[in-house]
1. Identify all residues within region 318-360 that are of a type in the set (Val, Ile, Thr), within 25 Å of Cys173 (Cβ to Cβ) and at pLDDT below 50; write none if there are none.
2. Out of curiosity, is Ser214 part of a helix (DSSP H, G or I) and within 21 Å of Leu153 (Cβ to Cβ)?
3. Looking at the structure I just gave you, is Pro6 at pLDDT 90 or above, more than 28 Å from Gly247 (Cβ to Cβ) and either surrounded by fewer than 20 Cβ atoms within 10 Å (Cβ to Cβ) or under 22 Å from the mean Cα position of the chain (by Cα) (or both)?
4. Could you give every pair whose Cβ atoms fall below 6 Å, whose first residue belongs to region 244-269 and is under 11 Å from Val71 (Cβ atoms) and of a type in the set (Val, Ile, Thr), and whose second residue is in a loop (DSSP other than H, G, I, E, B) and open to solvent by 40 Å² or more (accessible area, probe 1.4 Å), counting only separations of at least 6 or pairs across chains?
5. If a residue must be closer than 18 Å to Tyr278 by Cβ and in a loop (DSSP other than H, G, I, E, B), how many such residues does region 90-119 contain?
6. Within region 92-104, is there a residue that is under 30 Å from Phe331 (Cα atoms) and either surrounded by fewer than 17 Cβ atoms within 10 Å (Cβ to Cβ) or without any contact (Cβ under 8 Å) to a residue 60 or more places away in the chain (or both)?
7. Can Ser242 be described as touching an Asp or Glu at 6+ places or on another chain (Cβ under 6 Å) and crowded, with 20+ Cβ neighbours inside 10 Å?
8. Out of curiosity, is Tyr69 open to solvent by 20 Å² or more (accessible area, probe 1.4 Å) and modelled with pLDDT under 90?
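The values are calculated or read from the model by the stated rules, or taken from the named source; none is laboratory data. Please read all numbers here as calculations on a predicted model, not as lab measurements. Virtual Cβ from ideal backbone geometry, glycine too; neighbours counted across all protein chains shown. These accessible areas exclude ligands, DNA and RNA; they are computed on the full protein's heavy atoms, side chains included. Shrake-Rupley method; radii C 1.70, N 1.55, O 1.52, S 1.80 Å.
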Amino acid sequence: MAEKDPEGIIATDPNDNDDRKCLIIRKLLKFNPKEVFTWQLVKTVAMGQGLAALICGTAVTSQYLASDYHVDAPMLQSFMSYTLLCLTYTTALLFRTGDGNMFPILKKRWWKYLLVGFVDVEANYTVVKAYQYTTLTSIQLLDCFVIPVLMILSCWFLKTCYRPVHYVSVCVCLLGVGAMVGADLLAGRDLGSTSDVLLGDGLVLLSASLYAVSNVCQEYTVKHLSRVEFLGMVGLFGTLISGMQLGVLEHNNVANIQWDWRIGLLFAGYALCMYTLYSCMPVVVKKTSATAVNLSLLTADLLSLFCGLFLFQYTFSGLYMVSLVIILVGFIAFNAVATTPDPTDPIAPSVGREEGGYDNPDDVIEEGEHTGVSWNQRTQNEEVPAGGRITKM
């Protein structure tokens, strides 16, 4: 035990250090890998890499449109994706009864979903515009700003309590991104413009912040309300907002497109990848968290690079494989230890519960599970919100 010497200075008992060492050794000896590397963890990693593969699909189709056909219409691409969401999920809301119908939802929360739709559309648009002003390296590095912002917002608004292992895991993932950027520089892939680096970097940081807001809103919505409500409202307002921006900003670009079946196929491929990404991402967020999902998406750039080796004759570097392994190790470590909700939060979901609530306790969630607690019992004035992600080519 620590004791005070006659001069008032605290002296440390050497036996304390020996006890700590013995405790650490005992814990290591009792470590059971099966308790950490569970089937649930395997599914989480697989689902995260599935989302990364979808982003890779959007990146490849966008690269073909830009490089082979000189098409510059990112808002048209987003508009098509939001339209698909609107046609499916918003239509599904129309046929629901009770509080789950689209009109009661709009009556209660229309302005909240309008803000969420605006944030989601502008997050996609600003990162695309950044490529006109800054380099690929800057975008890859600064886009990681979404993760610390996400963690801060999750602590503030979702009352998530992260453990030291989570912060270490995030640092490991960011180290992997650094290795990827280093490989790009060695391979001479520092692509992009340098016309206004300060403006471009600012747009990337703005986009990352908007993504963080959108993803935290998405996590809150799918865990407390409904995935179909979230996707239906984002599809509705995303279609309206992106459609207006398309008419104002890109009408000349769209008019100049020399349409043929190949361009149409690339647009369709992009829209389907984004539609599938938006549809599946809430499922993964509901089972994990927005932060975990964004960590898994760090490998999307690497998957795009691997595709580029065959499709666009990129130069291979061994650092790409090192980067992939580092990011996956960090992602697995992050998901191996569960985050804990703040016990003082009156609306925090109970630990281990994966289903979300709904406005009417008698409404059944998509997975067919009941919450047993109505939305109005949790809170009547909480912010309700949503999210998404776009290609980074």
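1. Val351
2. Taking the combined requirement at face value, the residue satisfies it.
3. Spelling it out, it is not the case that Pro6 is at pLDDT 90 or above, more than 28 Å from Gly247 (Cβ to Cβ) and either surrounded by fewer than 20 Cβ atoms within 10 Å (Cβ to Cβ) or under 22 Å from the mean Cα position of the chain (by Cα) (or both).
4. Ile263/Tyr69
5. Of the residues in that region, 0 qualify.
6. Narrowing region 92-104 to residues under 30 Å from Phe331 (Cα atoms): none.
The answer is no; no qualifying residue exists.
7. Numbers: touching an Asp or Glu at 6+ places or on another chain (Cβ under 6 Å): no; crowded, with 20+ Cβ neighbours inside 10 Å: yes.
Criteria not met by Ser242.
8. Against the criterion (open to solvent by 20 Å² or more (accessible area, probe 1.4 Å) and modelled with pLDDT under 90), Tyr69 qualifies.
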